[in-house]
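Everything on this sheet refers to the single structure shown next.
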Amino acid sequence: MILSGSASQSLAAELAAELDEPLAPVEFERFPDGELIARIGDATPDRAVVVASTPTSDAHVELLQLQDAAREAGASEVVTVLPYMGYARQDAAFAPGEPVSARAVARAISAGTDRTLVVNPHEDAVRDFFDPTATVVDASPRLAEPLPADLVDPVFLSPDEGALDIAAAVRDAYGAGETDFFEKTRRSGSEVDISPRDAAVEGRDVVVTDDIIATGSTMSEAVGILADRGAARVFVACVHPLLARNAPTKLSRAGVETVYGTDTLERAASEVTVAPAVAAHL
Ligand code: R5P
């Protein structure tokens, strides 16, 4: 039985269809003091698959409650799917006095589950914060699906070397093209410098891929450089279309017409479902 957090409704439905498993009648309510409660109604799951992205602190609490409600209802196995794992980017104490937030949330989640799947976390190493070690699901090949079949001499490019694997996975799934990456230096939480390498993009179609678009700074900078260098069509794709704050307008001002994202987060850009990639591990 699939138990969905409030931020993963569409994906949970896709997954239920993919696995031919029922969806639990989960309901969410907020008490007058502001506290949340997620109820699973009269569901009596044998295996409970809790599917809950955690882009907010409230979503984290819902996830812990769904795990607990499943156990309370007698589930013999609880599997937790984190389509988008919040706090994953704080995977180290970057300055004295900071927490390793990814570890803190992973410990809390581990306490309520038999195993955990995480879709394209910022760094695969976060899997080691879970006990037992989480399984990383790579949904990035799915991003090839909405691309036009007639890309001209395509380059699949990542805005930094860390996301080159995603560019390569999308290229492999597309079936043609080269890969390349830019050099990125982050100046603050919302400002980045992108330095082009020798990427030859003039007259070629470019697909810029990343794990996540958060503030949109990275992608806007990258797309601006591609325009200056005479790229033909530019397509933007990411696994997690977080698109926080003014990211949509920032991207639009940079000339991005369409962002292709997945349903790990429910946004207008959630063009592709990761359900088949997740189902393969269930
Ligand atoms: C960073 O290494 C990630 O791969 C993304 O490039 C980054 O998190 C995107 O963030 P933003 O949209 O805020 O630039």
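When the chymotrypsin sites (Phe, Trp or Tyr not before Pro) in segment 50-145 are filtered for DSSP coil states and for at most 12 other beta-carbon atoms within 10 Å of their beta-carbon, the remaining sites are Phe94. Taking every DSSP beta bridge that has both ends in the chain, the antiparallel portion is near 25%. On the beta carbon distance between Glu202 and Phe94, with R0 = 35 Å, the FRET formula returns roughly 0.40.
The length gained on full extension between Ala111 and Glu21, counted as 0.36 nm times the residue separation minus their Cα-Cα distance, comes to 29.9 nm. The convex hull around the C-alpha trace of segment 141-263, projected and averaged over every direction, spans 6.6 square nanometres. Just to be sure I understand the curve: with the Debye formula and one point per C-alpha of the chain, what is log10 I(q)/I(0) at q = 0.08, 0.09, 0.11 Å⁻¹? Values, matching the q order: -0.35, -0.44, -0.64.
Taking the Cα atoms of segment 1-147, the ratio Rg/Rh between the radius of gyration and the Kirkwood radius comes to 0.98. How large is log10 I(q)/I(0) at q = 0.26 Å⁻¹ when the Debye formula is applied to the Cα atoms of segment 207-282, each weighted equally and without solvent? The calculated log intensity ratios at q = 0.26 Å⁻¹ are -1.19. For segment 99-184, the percent of C-alpha pairs falling in each 10 Å distance bin, counted from 0 to the bin holding the largest distance, reads 17, 36, 26, 17, 4.
Under the convention that each Lys and Arg Cβ holds +1 and each Asp and Glu Cβ holds -1, the size of the dipole of segment 141-263 around its Cα centre is about 440 debye. Add -39500 (n - 2.57) for each DSSP H run of 4 or more in the chain, then divide by its residues: what number comes out at 222 nm, to the nearest 500 deg cm²/dmol? Helices in the chain give a 222 nm mean residue ellipticity of -7500 deg cm²/dmol. Cβ-to-Cβ counts within 10 Å put Thr80, Thr133 in ascending order as Thr133, Thr80, the fewest first.
For the chain, the relative contact order is 15 percent, taking Cα pairs closer than 8 Å that sit 6 or more residues apart in sequence and dividing their mean separation by the residue count.
The numbers here are math on the coordinates, done by the rules we state, and not lab data. Quantities reported herein were computed from a predicted structural model and do not represent experimental measurements. Here the Cβ is made from the backbone with ideal geometry for all residues, glycine too, and neighbour counts use every protein chain on show.
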